[in-house]
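Below: the structure, in C-alpha cells.
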Amino acid sequence: MVNKAISRLRAFHIFEGLCEGLSLFSGSSRVALIYASKPTGPVRIYDPQELLRGHEPKLREIYIDSDEWRENSKDVRERKVPGYPYPEKNLELTGLISRGGRSRSVFYQMWFTEHHPDMCNTGPTERWLEHAVWLLSHSAASEGSYDTGSSGCVLREYASHAVRDYIVDQLNLDLGMDVQIRVYPILDAVLGISKTPEEGVWPRGKLVFVEPKTLSDLDFLARFPKFERPVLKNFKHVRKLLQAVENSDRKLISDGTCIVGIATDVTLKCRITADFRGGCGFLRLDENPVCSFFDGRFHSSTRKAKLVQLEEILIESEIDPSVQHSLFKIISEIVHSAERQKHGCTLVIDLNDQPIDISGQALEDPLDLQQEHLLDLTRSLAMLDGALHIGTDLKLRSFACILDGRAIPGEDRARGARFNSALRFTAEHDNIVVIVVSSDRPVSVIQEGVELNAKCEWKTVSARLPSPPSLEEWISR
C-alpha cells in the first residue's frame with residue numbers, strides 16, 4: 001500500500017508539473033494520460049480535467065476493440081534498462097498533441113495536451129511530453145526510493161529545455177551528429193538581450209546564429225577581427241550592436257559564442273534567427289517559427305489572434321461562403337494591424353440583412369473594404385476612439401461608433417470600458433459580433449453578452465489521487 005501511494009504521488013507531481021509548465025508556455029492547458037503498467041494489464045486513464053471527452057469512439061477503437069497497441073511487449077521486457085522508454089507514435093487526435101513510450105517499468109504510456117490554435121510550432125510541446133514519458137518510466141523503475149516531487153519542478157520550468165531539445169533534434173536530422181553550435185548559450189543570450197533596454201528602448205533587429213564551419217560561405221558587409229569579436233554573453237554589448245541592424249535587411253551574425261560581423265543575404269541551412277521586435281520577438285530555425293519570447297520567457301504563441309470563434313460563427317451563418325471568406329480576411333487584417341501597432345480598437349460585425357443603426361460618424365458612401373486603399377484607410381480609422389461598423393456587404397458603414405447598453409452580469413471591471421461596452425451592446429442586439437483588441441494585445445470575440453474566447457481556469461487537481469479507472473469504465477460513464 002505504501003509503494004502504491006508513493007507511485008501515485010510521483011505520478012501526481014509529474015502531472016501537475018507538466019500541466020503548470022505547459023500553461024506558462026501556451027496558456028491554460030489540460031493534460032491527460034493513458035497507460036498500462038504491464039503487458040497483460042488493463043489500460044487505464046487519468047483525465048481529471050476531461051481533456052479526452054469527445055474522443056471516446058477513437059480511443060475505444062485503438063485500445064479496446066484492438067490489441068494492436070500491445071504489440072512488441074516481448075521486446076520491451078527484454079530491454080536491459082528498466083527506466084529507459086522507447087518512443088510510441090503520435091495518435092493524431094484532432095485538437096490534441098500526444099507523445100508516448102514503452103519501457104520495462106511502465107509497459108505503455110501516452111500523454112496528451114491541447115493543440116492551441118495560436119502555436120508557432122508543436123515541436124517544443126512534443127519534446128515536453130516525451131520528457132514526461134521519460135520521468136514516469138524512471139520514477140517507476142526506482143520504486144523504492146523516496147519521492148521528493150522534483151520531477152514536477154523539472155517539468156514546470158522545462159520551456160527552455162523543450163525549445164533546445166526541438167532545435168537540436170532538427171539540427172541533428174539535417175546536419176548529422178557533428179553539430180558544433182551549442183543551443184543553450186544561444187537561448188540564454190536571446191532572453192538576456194530581450195530584457196536589456198538601450199536608453200529605455202527595447203531591442204529590435206535580427207541576430208542570426210550559424211554553424212562555425214559555414215561562416216566562410218557568408219558575404220559579410222563588415223567582419224570583426226577574430227580576437228576582438230564581442231562575446232555573446234555580454235548582453236549589453238550585443239544590445240548596442242543591434243542598433244546597427246535595426247529597421248533594415250542587415251543581420252548580426254554569430255557563431256554561438258561571439259558576434260562575427262554583419263551581413264544581409266543569409267540563406268544558410270540550419271540557421272537560428274532571433275527576431276527582436278521591441279517588447280517581444282520570435283525564434284526561427286531557417287524560415288520556420290519555433291517559438292516567441294517575451295516577459296523573459298519562451299512561449300508557443302504566434303502573438304496573432306486566430307479568431308477561431310469568429311470563423312465558426314461565420315461558417316454557421318447563412319452568409320454566402322465566398323463572402324464569409326472575404327469578411328474574415330478583412331477583419332483579420334484590421335485586427336492584426338492593430339496588434340502590430342499596439343493600439344486598441346473595436347469592430348462591430350453586423351450579420352443582419354438590414355444593418356442596425358449605431359451612433360457614430362456616418363459616411364455618405366460606405367467604404368468598400370475589398371479595395372486595398374480603402375482597407376488601409378480603415379486600418380487608420382480603427383485608431384480613433386469608438387468602433388468600426390462593418391456589414392456583410394463588406395463595407396465600412398461608420399466609424400467612431402459609441403456602443404451603449406444596460407449593465408449585465410459577467411462584466412469585468414479589470415477589462416475597461418471598451419470590453420464592457422461590447423458585452424452590453426451585444427447583449428441587446430441580435431446577429432452582432434464585436435471584436436475588441438486591447439492595446440496590450442489580448443483580443444476578445446464577443447456575442448450575446450459573452451466573451452466566446454475567454455480562457456477558463458481548470459480546476460485544481462488534488463494530490464490525493466484515486467485509483468485511475470480502466471479506459472472501458474471511463475468511456476461507459
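Values quoted throughout were computed directly from the atomic coordinates according to the rules given, and no laboratory measurement underlies them. From a predicted model like this one, the values you see are computed outputs, not experimental measurements. Cβ atoms come from the backbone with ideal geometry, glycine included; neighbour counts cover every protein chain shown.
Values for this structure:
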| read-out | value |
| --- | --- |
| Loop-resident sites, region 135-237, for chymotrypsin sites (Phe, Trp or Tyr not before Pro), counting at most 12 other Cβ within 10 Å (DSSP) | Tyr146 |
| Cα-derived Rg to Rh of region 95-229, Kirkwood definition | 1.07 |
| Considering only the chain, percent of DSSP beta bridges that pair antiparallel, nearest 5 | 90 percent |
| Rough spin-label spacing in nm, given labels placed 7 Å along Cα→Cβ, for Leu377 and Ser476 | 6.8 nm |
| Square roots of five times the Cα gyration tensor eigenvalues for region 168-299, Å | 21, 18, 13 |
| P(r) weight above 22 Å for region 308-451, C-alpha pairs, percent | 32 percent |
| Per-pair calculated FRET efficiency, R0 = 60 Å: Ser142 and Asp368 via Cβ, rounded to 0.05 | 0.30 |
| Label-reachable residues, region 203-221, where backbone N falls under 15 Å from a point 7 Å from Asp286's Cα toward its Cβ | 211 |
| Per-selection metrics, region 261-368 (Cα): Rg and Dmax in Å | 19.5, 61 |
| From the coordinates shown, Rg/Rh (Cα atoms, Kirkwood Rh) corresponds to which of (1) 1.02; (2) 1.28; (3) 1.00 | (1) |
| Extension gain from Lys236 to Ala400, taking 0.36 nm per residue of separation minus the Cα-Cα distance | 54.7 nm |
| The chain: DSSP helices with Cα axial extent of at least 20 Å and average Kyte-Doolittle hydropathy no lower than -0.5 | 2-26, 123-141, 159-175, 321-341 |
| Cross-link pairs Lys213/Lys236; Lys195/Lys236; Lys304/Lys329; Lys195/Lys240 - those with Cα-Cα distance over 18 Å | Lys213/Lys236 |
| The chain, relative contact order in percent, only Cα pairs under 8 angstrom and at least six apart counted | 13 percent |
